[in-house]
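In what follows, a structure is listed as structure tokens, so that the remarks can point back to it.
The values are calculated or read from the model by the stated rules, or taken from the named source; none is laboratory data. It should be emphasised that the depicted structure is a prediction, and the values quoted were computed from it without experimental measurement. Note: ideal-geometry Cβ built from the backbone for every residue, glycine included; neighbour counts use all protein chains shown.
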């Protein structure tokens, strides 16, 4: 089963609690936005946050993940037709098939204090697209690498994802030198299915691109680019295996990846952190 992109609004609560609806913010309860977190403390009565109505699609299941710190008691995810209780901090997930148009609640049980850090809500009837690249070295050895992109749900989204995949292909080809095969969904292309002309291009030599989740900060996730271009000194910082961020090839690669590549666990976009050579 595939899952679509994160459709939860304001998933990190970075600006405020909006557009979540707060309830129970009166003594002895607390329900407030505090520096990028939703703080819910229930001593008496109800205290919760609820998402706006509008996420519901009849018959469609959703994967809900939250990152939370449980200070005491029992945190709770509640949606029409289902609920999940949790008592430990960290990541919690549940699959809901809402039976009505009621909102999703981030809740606190009696005598509970919880800080909600982030949330993702992903449809189960969508699959993420992927760009798959195969690189070929001087000896003819091949190695494959891939990253996930957003979902393809219609013709325009296919065109968008295809263009994103092609941009990643071209940017990787600039820093690696030889893509033997390129695949995007059902499309396949072989721009240069030949051994490289340079002996230093070997599949065990690769650039490591570290990607981080833009919502949770989780990472790094390694996107490796084999058959690294060792002949272009400008790709490196002097006397280092680190990439030179000022080089046009790296600027283009980051532009092709940042905010476009998807974390397959959370469906949030990824951003590039470190890039370095590994032999």
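Residues to consider are 198, 174; find the one that is assigned to a loop (DSSP other than H, G, I, E, B) and either over 24 Å from residue 262 (Cβ atoms) or modelled with pLDDT of 85 or more (or both).
Working: 174 fails: assigned to a loop (DSSP other than H, G, I, E, B).
Step by step, each of 198, 174 is checked, and only 198 is assigned to a loop (DSSP other than H, G, I, E, B) and either over 24 Å from residue 262 (Cβ atoms) or modelled with pLDDT of 85 or more (or both).
Can you name the number of the only condition in (1) at pLDDT below 75; (2) closer than 22 Å to residue 242 by Cβ that residue 211 fails?
If we test residue 211 against (1) at pLDDT below 75; (2) closer than 22 Å to residue 242 by Cβ, just (1) comes out false.
For residue 121, indicate whether it is at pLDDT 90 or above and closer than 30 Å to residue 48 by Cβ.
Values: at pLDDT 90 or above: no; closer than 30 Å to residue 48 by Cβ: yes.
So residue 121 fails the test.
Can you confirm whether residue 98 is surrounded by 14 or more Cβ atoms within 10 Å (Cβ to Cβ) and at negative phi?
Values: surrounded by 14 or more Cβ atoms within 10 Å (Cβ to Cβ): yes; at negative phi: yes.
For residue 98, the condition - surrounded by 14 or more Cβ atoms within 10 Å (Cβ to Cβ) and at negative phi - is met.
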